[in-house]
């Protein structure tokens with residue numbers, strides 16, 4: 001488990017994010033301070049509309065913030081122009097969203113291979129790695145299926161495989177078990193837990209699923225745009 005002496009994969013200070021202007025302006029993030037460490041799986045919890053997805057998007061550099069600073073893997077995002085931020089995101093981050101965002105004309109293996117192809121890895125090698133990752137998420141017999149021929153849970157596992165295939169140093173997950181039954185959700189969290197234990201990677205998971213809380217190292221509560229509590233999670237089998 002991580003402690004505060006470990007390097008921070010994400011260091012956020014004074015993060016403010018608003019939408020709209022004038023009388024219609026809504027401030028969603030209200031001065032967020034948060035460190036997320038290499039080698040840990042951090043759970044981000046809180047009520048719907050509290051700012052969790054907005055915070056994930058800010059950490060990923062998808063959303064510009066109004067105030068504050070975010071460093072990811074030692075790189076200040078605000079110092080990167082848009083094109084370099086996009087490249088940095090593709091090289092270092094993986095994403096699992098509630099929407100699967102699979103390309104309907106591609107097979108499961110081809111969907112998973114997309115991040116590798118973007119990095120100019122050859123098609124045959126990309127597909128080999130994609131099939132291996134589909135095996136790890138429990139879909140060895142679905143590699144040539146189109147998304148329309150997969151169940152919702154199977155599509156979610158394809159999306160998870162796609163996020164992991166590039167071995168990202170920062171994995172950002174928004175409700176990764178929402179479409180999965182209990183056993184498959186546990187299997188996916190075991191895989192994410194394995195990724196999070198790597199000393200040069202970290203995993204952030206937004207979730208409402210209390211069945212998976214024990215997989216985390218720490219839990220940060222986000223309420224009305226503010227971090228209200230951060231607690232360590234007692235791991236099973238530890239004193």
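Each value in this text was obtained by applying a stated rule to the coordinates, not by laboratory testing. Computed from a prediction, not measured in an experiment: that's the story for all the values here. Please note: Cβ atoms are built from the backbone with ideal geometry, for glycine as well, and neighbour counts cover all protein chains shown.
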Worksheet item: Which percent of Cα pairs goes in each bin when the distances of the chain are cut into 5 angstrom slices starting at zero?
Response: 1, 7, 14, 17, 19, 17, 13, 8, 4, 1, 0
Discussion item. Just to confirm my numbers, what's the Cα centroid distance between the range 113-129 and the range 186-222 in Å?
Written reply: 27 Å
Worksheet item: Which residue, 152, 20, 216, tops the fluctuation ranking in a GNM of the chain built on C-alpha contacts under 10 Å?
Response: 20
Fill in: Stretchable slack from residue 230 to residue 190, in nm (0.36 nm times residue separation minus alpha-carbon distance)
12.2 nm
Discussion item. Can you tell me, using C-alpha contacts under 8 Å and at least 6 residues apart, the relative contact order of the range 1-104 as a whole percent?
Written reply: 29 percent
Worksheet, complete the sentence: With the range 118-239 reduced to its Cα atoms and the Debye formula applied, log10 I(q)/I(0) at q = 0.12 1/Å amounts to -0.51
Practice prompt. Over the range 20-135, consider all pairs of different Cα atoms and compute the Kirkwood hydrodynamic radius from their mean reciprocal separation; express it in Å, one decimal.
Written response: 16.9 Å
Discussion item. Just to be sure I understand: with springs between alpha-carbon atoms less than 10 Å apart, which residue in 220, 109, 82 has the highest mean-square fluctuation in the Gaussian network model of the chain?
Written reply: 82
Discussion item. Within a 10 angstrom radius of the beta carbon, how do 145, 100 rank from fewest other beta carbons to most?
Written reply: 145, 100
Worksheet entry | Between helix 108-118 and the chain: long-axis angle, C-alpha atoms, 0 to 90°, nearest 10 | 60 degrees
Worksheet item: What percent do you get for the relative contact order of the chain when only Cα pairs under 8 Å and 6+ apart count?
Response: 28 percent
Worksheet item: Say R0 is 30 Å: what FRET efficiency, to the nearest 0.05, do residue 79 and residue 47 get from their beta-carbon distance?
Response: 0.35
Worksheet entry | Relative frequency of Cα-Cα separations exceeding 19 Å in the range 144-197, percent | 27 percent
Item to complete: Quote the relative contact order of the range 160-232 in percent (integer), defining contacts as alpha-carbon pairs under 8 Å separated by 6+ residues.
Response: 29 percent
Discussion item. Which of 19, 88, 213 ends up with the largest GNM mean-square fluctuation for the chain, with Cα atoms connected below 10 Å?
Written reply: 19
Worksheet item: Does anyone have the angle between helix 123-136 and the longest principal axis of the chain? Alpha-carbon axes, 0 to 90°, nearest 10?
Response: 80 degrees
Worksheet entry | FRET E, pair residue 123, residue 181, Förster distance 25 Å, beta-carbon r, rounded to 0.05 | 0.15
Worksheet entry | Computed label-point distance, nm, for sites residue 149 and residue 211 using a 7 Å Cα→Cβ extension | 2.8 nm
Worksheet, complete the sentence: So the FRET efficiency between residue 135 and residue 223, C-beta based with R0 = 45 Å and rounded to 0.05, is 0.70
Fill in: Helix-only CD estimate at 222 nm, as mean residue ellipticity for the chain, using -39500 (n - 2.57) per DSSP H run (n ≥ 4)
-9500 deg cm²/dmol
